[in-house]
Structure formats: C-alpha cells, structure tokens
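Data first, discussion second: the structure below is written as structure tokens.
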Amino acid sequence: MKIENRATANLNYQKLMAHIHSVLEIVPKEHMRGVSKLVLVDYITDSRVDPQMRRELPGLYHPKMPGSPQAWMEIALKPLTPEGSFWKRLSARLALRANVTATLLSLIAQHYYLTLSHGVRKEQYEQAVRSYVDRHLSLYARTRKGLRAWLIRPFLPWLERLARWLQRKQLQKSR
C-alpha cells in the first residue's frame, strides 16, 4: 500500500512512516486487499462531511466507488496534534503514535467489514469495528519491544481487569 504525505504539520515524518509500516505489519494482508493508498493530510477536505466535523475528524475511509478505481484512506494529523497551551501540545505529541495507530486500525476495520466481511448487520457494524480495533491494538502492544512495553507488560492483566471492572460500573451507573 502506498503512503502519501500531503500534511504540513511540524512532525518527524520518517518516524511516523516507520510507525505506520509497523502497524500495517500486524494486520493480515487479506484485510488490506483493495486499499490502494493511505494519505496523510492536515485536515479532511471531503465536501460530503459537515464543515465543523472536517476540523475534528481524525480519519476518513473512502470506499471503492464507480468513479474511483480502488478504496483509499485519509488520516488528518492536525486534529491529532491540537494547538493550545504547552501542556496540551505536549500531551498530544506523546499520544500521537497511539492515536495514529487507533485511527489507522479503525479505517482498516471499516474497509474489512464493509467490503470483505459478510454477515455483519448495520446495527452491529460500529461494535464490530470497535472490537477489531481493540483486538489489533492489543496484538500490536504485545509485539512491541521497547522499554515502556517491557515495564508495562507485567501489569497488563491487572490493568485489563481494572478496565473491565470500570466498564461494568459505568454500565450499571447508566442503567
């Protein structure tokens, strides 16, 4: 898959491209069949999207249409790196790779469930995409070999139990 960079944000694009390629390595090739390119842009410029949403939307999947030969994906980097105070910019920079990973996996999941997977109803589509992203994010986290991954790995089972407990509490509270 070809990756085009049309963004003007002040980022290290070589590291970002290497990160995107490492994310694409964990995704099965069959799930990417039919996607021609990934475009990195500042903001989404599709006219079908509401103008206010264009400023906030981190990614957009363009399915195969009669006018376009193949499906393609678009990731907006400015919503992932907001302007503002020093602390807001710092936290956004620290979370950039995680946000790009989640956005890319959600776009791949949309492509997979729209084109390749059959038997998913429209009302189940969002939940299927969310579970796909969660499954592949955990797979990606297990393949990382950095210091942070080495330090966090022993605590992951405890953190996952805590997340499930908090989710149950939130569900009970909403009822």
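The values are calculated or read from the model by the stated rules, or taken from the named source; none is laboratory data. Quantities reported herein were computed from a predicted structural model and do not represent experimental measurements. Cβ: placed from backbone, ideal geometry, glycine included. Neighbour counts: every protein chain shown.
Restricting the search to the range 139-175, which residues are among the aliphatic types (A, V, I, L, M) and either closer than 23 Å to residue 94 by Cα or modelled with pLDDT under 90 (or both)? If you could, list the steps in order and put the result at the bottom.
We begin by selecting, within the range 139-175, every residue among the aliphatic types (A, V, I, L, M); these are 139, 141, 147, 149, 151-152, 156, 159, 162-163, 166, 171.
Once the filter is applied, which keeps residues that are among the aliphatic types (A, V, I, L, M) and either closer than 23 Å to residue 94 by Cα or modelled with pLDDT under 90 (or both), the range 139-175 yields 139, 141, 147, 149, 151, 152, 156, 159, 163.
Do the conditions hold for residue 61, that is, is it on the phi < 0 side of the Ramachandran plot, assigned to a loop (DSSP other than H, G, I, E, B), among the aromatic types (Phe, Trp, Tyr) and surrounded by 13 or more Cβ atoms within 10 Å (Cβ to Cβ)?
Details: on the phi < 0 side of the Ramachandran plot: yes; assigned to a loop (DSSP other than H, G, I, E, B): no; among the aromatic types (Phe, Trp, Tyr): yes; surrounded by 13 or more Cβ atoms within 10 Å (Cβ to Cβ): yes.
So residue 61 does not fit the description; no.
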Restricted to the range 133-148, and to residues that are charged (D, E, K, R) and farther than 14 Å from residue 25 by Cβ, which residue is nearest to the chain's Cα centre (by Cα)?
-> 134
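Please work out if residue 167 is out of contact with any Pro (no Cβ under 6 Å at 6 or more places or on another chain), exposed (fewer than 10 other Cβ atoms within 10 Å of the Cβ) and either part of a helix (DSSP H, G or I) or on the phi < 0 side of the Ramachandran plot (or both). Let's see the steps before the verdict.
Details: out of contact with any Pro (no Cβ under 6 Å at 6 or more places or on another chain): yes; exposed (fewer than 10 other Cβ atoms within 10 Å of the Cβ): no; either part of a helix (DSSP H, G or I) or on the phi < 0 side of the Ramachandran plot (or both): yes.
Here the answer is no, as residue 167 does not meet what is asked.
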Checking residue 84 against (1) surrounded by fewer than 17 Cβ atoms within 10 Å (Cβ to Cβ); (2) assigned to a helix (DSSP H, G or I); (3) small (Gly, Ala, Ser), which single condition isn't satisfied?
-> (2)
